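One structure is given below, encoded as structure tokens.
The values are calculated or read from the model by the stated rules, or taken from the named source; none is laboratory data. Keep in mind that this is a model prediction, so the values were computed, not measured. Here the Cβ positions follow ideal geometry from the backbone for every residue, glycine too, while neighbour counts run over all protein chains shown. Areas reflect the complete protein model, heavy atoms only, side chains present, ligands, DNA and RNA absent. Shrake-Rupley method; radii C 1.70, N 1.55, O 1.52, S 1.80 Å.
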Amino acid sequence: MELNLNHVDYLQVGVTSQKTMKLLPSVGRKATQKVAVADHDGVVTCFGMKKGEAVPVFKSLPGQKISRLELGGTLGTPQEKIFVCSGSEVRGYTKKGKQFLTFEANLTESINAMHVSGADLFVCASYIYNHYCDCKDQDYYLSGDKINDVLCLPVETVGHTVPILACQDRVLRVLQGSDLLFDVEVPGPPTVLELHNRDGGKGGEEVLYGTADGKLGLVRIKKSGPVTSWELDNEKKKGGVLCIDTFDIVGDGVKDILVGRDDGTVEVYGLDNSNEPTMRFENVLSESVTSIQGGCVGKEMYDEVLTTTYTGWVSGLTSEPQQMVAGPGAEIKMSRETQGKLAALRAELEQLQVKVLQGREKYQQSSQSSTAVSVVPVFSINDKFTLCQDDASYSLTLEVQTAIDNLLLQSDVPIDLLDVDKNSAVVSFSECDSESNGNFLLATYRCQANTTRLELKVRSIEGQYGTLQAYVTPRLQPKTCQVRQYQIKPLSLHQRTHTIDQERPMNSLRLTGQFSFAEIHSWVVFCLPEVPEKTPAGESITFYFQNTFLGTQLEATYCKGEANFYSDNISTISILKDVLSKEATKRKINLKTSYDVNEDSVSHTLRMIHPKLEYQLILAKKIQLIDALKELQVHEGNADFLIPEYRSILDDSAQLLEEYKKQPAHLERLYGMITDLFIDKFKFKGQNVKTKVSQLLAILNNYELDSLMEFFSEA
């Protein structure tokens, strides 16, 4: 069944956080529902729709930024009490707006996730989980990594409290009281949890999760352990999942899954006969979707998907047909209601233009005064710097509450800027003198009008570390700029993983010395991404990593006074040895270093590079041939005389050039990795082979795997 939904805007509040909008239960079966939404100004707004206009029910006073909004109430009754958290405080409001609860959780950090179930309140702040019953402390848990969301299975169905934490280290932690019951490994860092069908489905055990890298899954939390029902990959490289809901928008009696992503995508998935999700509808908004709900808001009898975006727009995708209809002579007829709305909007626009002119005149007059001080406008930036597993690049997403004028990128380490299809900004590069001022990249993005969101991609080189800085200038007067910094780590292309292949030939590095557990952990945080900044509980820890570019792996095990690193790539061990020695020297700690090099690991790494290198060499040869083949085609009038291989190159020339454009310096990057591998192999033997690099490059120019491996062994 085809789904037709039409976009309609209702209201704009302040900047919103994830999961800060809910629909209150309806009074009648098909009556319209009230909307509760909270923003960064600390305001809770509750409104309903009447004759196409948003009518406020209540609006709270401004205060500290609100990070979550949940509905609650006595179990078995309509969940219509509104709970919000700001800082370490939880407040409760009735549906009429009367505040009935103020609860101070006394946490040192702000609450970033919350769940309400009857008299039970579950709150999380960074690494800490707290459970309160009737505002009295019940349970406490310290997580191994940051907690992004919290959920509890329905007590009415399951019979007891089962809290679930979505943690940054790609794990769902299922608790029993204050103890960990079991872990559920998921394919990416989970950002959001929701009960399937809003009640956990059959047995109340079904939990939907969304990840930061855009994957979606359903897992059953049984007493015996987790059972994965399905996982949906992010093949089209859409944004990360920020919000999920389940609602029967199609009207077939089966609840559909509604998904909101950080690139503005809104999706509706239906479940087929085998309970696998299939896409039913997709719509793209211009900014990230922070909350999503299914219900009836705009007009009775018409269901819709309600969304809230980062800048505070509350809008619906409604099943109500568009009110504009083409009349005789292709004239557009509008209903009286729409005409009234249009007239009101025009009047409001005129009033705003008058206000702006008055404000501008007042500003010009006051700016001429010698005592006047220009106030710097404050604006919010929502930014994300994440490693993409598929193409081993970093995605930098910047979202501003007002239109972006320009963005300057500056880096003190060599990085490549990759092409992004969604990016419409014009980029220009400035010449850099890395020796005198340390700049390796200076790029300016000039944005089109009304651009509030920018997505960029960069690729770093392992072993070279420093800082990437983004200077964001919005279209505001007076001109002002905010700077954001992102660390490029020594092993920047490594990603956390649950397990590694122990059968591979491994090199090892062992460090011993007078360092504490906290000190060695801070060094590992400095070297590798996705490691929690907080020192882990216990006396020792093991982390597993995979190189997203090559597929090589790393195991890090350390405790007070000792650290062991194992990798099948000798260059990874070499980078760790150099960086950790430098960090220890800075702190005047004497390190004893020992290593064990496995000769087989070098040929193993070369075999892992081989398919990538072979593919890039073939691609480069095809690119070189395109212009000559096109000339021949023009000269001869057609391409029929060419052999099939050359004809296919001509046919696919657009895709080949596009692919080559998206991966600049890919071949040079692989050459660099092989050269580093060659130098590092002999560095551990105490030999300097830099004089033989020219011979190595000559072999790479006439590449064959066997001759390359022979050169490595004979050198």
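To keep it simple, each residue is scored yes or no on (1) among the β-branched types (Val, Ile, Thr); (2) closer than 20 Å to residue 281 by Cβ; (3) open to solvent by 40 Å² or more (accessible area, probe 1.4 Å); (4) not in a loop (DSSP other than H, G, I, E, B).
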| site | (1), (2), (3), (4) |
| --- | --- |
| 220 | no, no, yes, yes |
| 228 | yes, no, yes, yes |
| 231 | no, no, yes, yes |
| 237 | no, yes, yes, no |
| 246 | yes, yes, no, yes |
| 254 | yes, yes, yes, no |
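Exactly one residue out of 567, 574, 594, 581 is under 28 Å from residue 607 (Cα atoms), of a type outside the set (D, E, K, R) and open to solvent by 30 Å² or more (accessible area, probe 1.4 Å): that is 594.
Looking at the stretch 599-618, can you tell me whether even one residue there is part of a loop (DSSP other than H, G, I, E, B) and open to solvent by less than 50 Å² (accessible area, probe 1.4 Å)?
Step one: filter the stretch 599-618 for residues part of a loop (DSSP other than H, G, I, E, B), giving none.
Within the stretch 599-618 (the criterion being part of a loop (DSSP other than H, G, I, E, B) and open to solvent by less than 50 Å² (accessible area, probe 1.4 Å)), the answer is no, since none of the residues qualifies.
None of 36, 105, 125, 31 is open to solvent by 20 Å² or more (accessible area, probe 1.4 Å), of a type in the set (Gly, Ala, Ser) and touching a residue at least 24 places away in the same chain (Cβ under 8 Å) except 31.
Just one of the numbered conditions (1) open to solvent by 30 Å² or more (accessible area, probe 1.4 Å); (2) in a strand (DSSP E or B) is not true of residue 273: (2).
Scanning the stretch 433-456 for residues that are assigned to a loop (DSSP other than H, G, I, E, B) and of a type outside the set (Asp, Glu) turns up 438, 439, 440, 447, 448, 449, 450, 451, 452. Sort out which residues of the stretch 664-712 are modelled with pLDDT under 85, in contact with a helix residue (DSSP H, G or I) (Cβ under 8 Å, 6 or more places away or on another chain) and of a type in the set (S, T, N, Q), and write them in order of number. Of everything in the stretch 664-712, just one residue is modelled with pLDDT under 85, in contact with a helix residue (DSSP H, G or I) (Cβ under 8 Å, 6 or more places away or on another chain) and of a type in the set (S, T, N, Q), namely 688. Considering the stretch 1-97, the qualifying strands (runs of 3 or more DSSP E), each wholly inside and each with 3 or more residues that are touching a Ser or Thr at 6+ places or on another chain (Cβ under 9 Å) and closer than 27 Å to residue 281 by Cα, run over 6-12, 35-38.
Across the stretch 205-241, the number of residues qualifying as modelled with pLDDT of 90 or more and on the phi > 0 side of the Ramachandran plot comes to 1. Considering the stretch 138-164, the residues that are under 28 Å from residue 539 (Cβ atoms) and acidic (Asp, Glu) include one that is surrounded by the fewest Cβ atoms within 10 Å (Cβ to Cβ), namely 139.
None of 675, 691 is polar (S, T, N, Q), assigned to a helix (DSSP H, G or I) and under 20 Å from residue 567 (Cα atoms) except 675. Whether a residue is at pLDDT below 75 and either surrounded by fewer than 10 Cβ atoms within 10 Å (Cβ to Cβ) or under 40 Å from the mean Cα position of the chain (by Cα) (or both) was assessed, and residue 318 does not pass this test.
Taking the listed residues 200, 210, 214, the one that is buried (at least 22 other Cβ atoms within 10 Å of the Cβ), free of Cβ contacts under 8 Å to residues at least 60 places away in the same chain, in a loop (DSSP other than H, G, I, E, B) and under 16 Å from the mean Cα position of the chain (by Cα) is 214, with no other qualifying. Strands (runs of 3 or more DSSP E) fully within the stretch 458-561 that include at least 1 residues being in contact with a Cys (Cβ under 6 Å, 6 or more places away or on another chain): 466-474, 540-547.
Counted as qualifying within the stretch 389-432 are the strands (runs of 3 or more DSSP E) with 2 or more residues that are crowded, with 18+ Cβ neighbours inside 10 Å and in contact (Cβ under 8 Å) with a residue 12 or more places away in the chain, namely 393-400, 404-411, 415-418.
Do the conditions hold for residue 520, that is, is it open to solvent by 20 Å² or more (accessible area, probe 1.4 Å), under 30 Å from residue 179 (Cβ atoms) and among the aliphatic types (A, V, I, L, M)? I'd like the intermediate steps shown before the answer.
On the way: open to solvent by 20 Å² or more (accessible area, probe 1.4 Å): no; under 30 Å from residue 179 (Cβ atoms): yes; among the aliphatic types (A, V, I, L, M): yes.
No.
Taken over the stretch 482-519, residues that are under 30 Å from residue 600 (Cα atoms) and touching a residue at least 12 places away in the same chain (Cβ under 8 Å) amount to 23.
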